[in-house]
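Encoded as structure tokens, the structure appears first; notes follow it.
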Amino acid sequence: MTQDLIARAKAWLAEDPDSETRDELAKLIESSADAGHAAELAARFSGTLQFGTAGLRGELGAGPMRMNRSVVIRAAAGLAAYLKAKGQGDGLVVIGYDARYKSADFARDTAAVMVGAGLKATVLPRPLPTPVLAYAIRHLGAVAGVEVTASHNPPRDNGYKVYLGDGSQIVPPADAEIAAEIDAVASLHDVPRPESGWEVLGDEVLDAYLERTDAVLTPGSPRTANVVYTAMHGVGKDVLLAAFARAGFPEPVLVAEQAEPDPAFPTVAFPNPEEPGAMDLAFATARREESRAGGVDLVIANDPDADRCAAAVKDRDGQWRMLRGDEVGALLAAHLVAKGVTGVFAESIVSSSLLGRIAEAAGLGYEETLTGFKWIARVEDLRYGYEEALGYCVDPEGVRDKDGITAALVFAELASALKEQGRTVLDLLDELALAHGLHATDQLSVRVDDLTVISDAMARLREQPPASLAGLAVTKAEDLTEGTEHLPPTDGLRYYLEGARVIVRPSGTEPKLKCYLEVVVPVASAEGLDAARAKGAELLAGIKKDLAAAAGI
């Protein structure tokens, strides 16, 4: 153990305002003669948690490589300095937070730093969905917003998401400029943090958000869908129930075990509806409720900060199944087209190309962006945007970000309209496949403990790109670090195949390598749908196997 490391750890300890992380770090320093504790201490001081377009996200704990009050205070001071440098030093910053460990503390610290820097600050009244914060920025005319959340990450994580005054998340070069201001904070003792001076809001902003949710539905549309709902131990329940009640839907049946906020997320391995097993309790609840009057038409899930929306329906064998994010994205698009909307449909490059076909057939504009709603939200004349990771923006004038509450409302409206017609969501998916070809998607996702696994896989694919996958020739390969005619540079690879497409990229929010696969199989008639689905599944499995081998994962 080097003396330099011990000195840096003691200097950090001297500034730490949190008794919990002070005690944790002091014990690590005291026991640093132990090899395991020495390695842990070295890991925590191996650098600093980097601020980027996703803000900050990481494991809670002491030290500059963990999420803690010291890191958050520095981030808030950097954001305040950035706003002042942009001539917005007298503006309002609105702050929201979820129910994770330390979220309320991080929100309060942010408010104190903003007031200490001469800005105005206001904090949402309690843990609320991220979309409420995104709405509040525009509603209150704030120059920036901060949401303290780690979204669907594991319980040990927390995060810090920054929005600017247009209500959308930061993109380059703002992220680098804020990061530079954070790096310029020499000492926490230089950051004024008064004990008061900010406002804690009442429910007026939440009430305004709920009034806005009415606008996403067509007046007089059917509202008959019976829904089972899980908040996934997050903050979505009360807001979603209020929105459904205002709209006149039947009251959703709650998954009781997951209804209340709980930062330990005790019933799931990962609090993400996409993860295996996360929806088991919701499906069990749906099966119990099927005998009630009217049955159950739909299962809806939010992630813990309720900016994402998952949906599940009964398949034709009577079993509940999750719809893929791309399926929900296409269904919402088709419903919006049927409602007669105008404007531009947009999605990120990792989402299904079916959206472009739907938009083209409807005579609507279409744009493809880099991954993340920070890009989708910036599309001019945006009317609808989605990303395959369960993110949907159905009201960009209200919330320029993904919103799991309004998406749930619109999807329930769609299910209700189909129910009144004697049709189902699966029927509509069949119709889209007949009109535009069967678009089958899948994902190869590898979670790692060692980040070099990801960089090694990307390097291997760049040095030895595959010539074919699943017997389909690669007709074009793009290294997205160089950018394209329509996209700025990003760390990713895109392969076009005969009737298929593959995108490989490191996750921006989790230690994962993510590979997005799509095949398009023509369908001549309804009788050919089953064969097309089988062909799509076969091709996806083959692409996944060959891509894993090519990447060495």
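The values are calculated or read from the model by the stated rules, or taken from the named source; none is laboratory data. Computed from a predicted structure; not experimentally measured. Here the Cβ is made from the backbone with ideal geometry for all residues, glycine too, and neighbour counts use every protein chain on show. Please note that ligands, DNA and RNA were not included when accessible areas were found on the heavy atoms of the full protein model with its side chains. Shrake-Rupley method; radii C 1.70, N 1.55, O 1.52, S 1.80 Å.
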Completion exercise
If you go through G404, G343, G356, the only one that is touching a residue at least 40 places away in the same chain (Cβ under 8 Å) and more than 18 Å from P129 (Cα to Cα) is G343
Practice task
Could you tell me whether the range 521-530 includes any residue that is assigned to a helix (DSSP H, G or I), open to solvent by 40 Å² or more (accessible area, probe 1.4 Å) and not charged (D, E, K, R)?
Solution key: yes
Completion exercise
K545 fails exactly one of (1) surrounded by 14 or more Cβ atoms within 10 Å (Cβ to Cβ); (2) at pLDDT 95 or above; (3) among the basic types (K, R), namely (1)
Practice task
Tell me, please, whether a residue that is within 24 Å of the chain's Cα centre (by Cα) and either among the small types (G, A, S) or surrounded by fewer than 16 Cβ atoms within 10 Å (Cβ to Cβ) (or both) can be found in the range 56-73.
Solution key: yes
Problem - Any pair with Cβ under 9 angstrom, 6 or more apart, that starts in the range 370-381 at a residue that is within 12 Å of G167 (Cα to Cα) and in contact (Cβ under 8 Å) with a residue 60 or more places away in the chain and ends at one that is assigned to a loop (DSSP other than H, G, I, E, B) and among the acidic types (D, E) - result: F373/D307; F373/D401; K374/D401; A377/D166; A377/D401; R378/D166
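To keep it simple, each residue is scored yes or no on (1) more than 27 Å from Q421 (Cβ to Cβ); (2) of a type outside the set (A, V, I, L, M, F, W, C); (3) within 22 Å of the chain's Cα centre (by Cα); (4) open to solvent by 30 Å² or more (accessible area, probe 1.4 Å).
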{"site": "V253", "(1), (2), (3), (4)": "no, no, no, no"}
{"site": "E257", "(1), (2), (3), (4)": "yes, yes, no, yes"}
{"site": "D262", "(1), (2), (3), (4)": "yes, yes, yes, yes"}
{"site": "N272", "(1), (2), (3), (4)": "yes, yes, yes, no"}
{"site": "P276", "(1), (2), (3), (4)": "yes, yes, yes, yes"}
{"site": "D280", "(1), (2), (3), (4)": "yes, yes, yes, yes"}
{"site": "R287", "(1), (2), (3), (4)": "no, yes, no, yes"}
{"site": "R292", "(1), (2), (3), (4)": "no, yes, no, yes"}
{"site": "V299", "(1), (2), (3), (4)": "no, no, yes, no"}
Problem - Matching helices (runs of 4 or more DSSP H) fully within the range 299-376 where at least 1 residues are in contact with a helix residue (DSSP H, G or I) (Cβ under 6 Å, 6 or more places away or on another chain) and either small (G, A, S) or modelled with pLDDT of 95 or more (or both) - result: 325-338, 354-362
Exercise for the section: Take the range 377-419 and flag every residue that is part of a loop (DSSP other than H, G, I, E, B) and among the charged types (D, E, K, R). Expected result: R378, E380, D381, E388, D395, E397, R400, D401, K402, D403
Fill in the blank from the handout: Those residues of the range 342-383 that are among the small types (G, A, S) and closer than 19 Å to E518 by Cβ come to a total of 9
Exercise for the section: Give me a count of the residues in the range 74-96 that are open to solvent by 30 Å² or more (accessible area, probe 1.4 Å) and either touching a residue at least 60 places away in the same chain (Cβ under 8 Å) or closer than 13 Å to V148 by Cα (or both). Expected result: 4
Completion exercise
Out of (1) closer than 19 Å to M67 by Cα; (2) open to solvent by less than 10 Å² (accessible area, probe 1.4 Å); (3) more than 22 Å from the chain's Cα centre (by Cα), the one A150 does not meet is (3)
Problem - So S416, is it closer than 30 Å to G295 by Cα, open to solvent by less than 40 Å² (accessible area, probe 1.4 Å) and among the hydroxyl-bearing types (S, T, Y) - result: yes
Exercise for the section: Tell me which residues, restricted to the range 56-107, are over 27 Å from A43 (Cβ atoms) and of a type in the set (K, R). Expected result: K84, K86
Exercise for the section: For the range 135-147, name all the residues that are open to solvent by less than 10 Å² (accessible area, probe 1.4 Å) and either more than 21 Å from I178 (Cα to Cα) or assigned to a strand (DSSP E or B) (or both). Expected result: A136, A144, G145, V146, E147
Problem - Every pair of residues 6+ apart whose Cβ atoms lie under 6 Å, when the first sits in the range 182-205 and is buried (at least 16 other Cβ atoms within 10 Å of the Cβ) while the second is not aliphatic (A, V, I, L, M) - result: I182/F51; I182/R74; I182/G78; V185/R74; L188/E15; R193/G116; L201/T122; L201/P125
Exercise for the section: Run A389 past the list (1) modelled with pLDDT of 95 or more; (2) among the hydrophobic types (A, V, I, L, M, F, W, C); (3) surrounded by 22 or more Cβ atoms within 10 Å (Cβ to Cβ) and report the number of the one that doesn't hold. Expected result: (1)
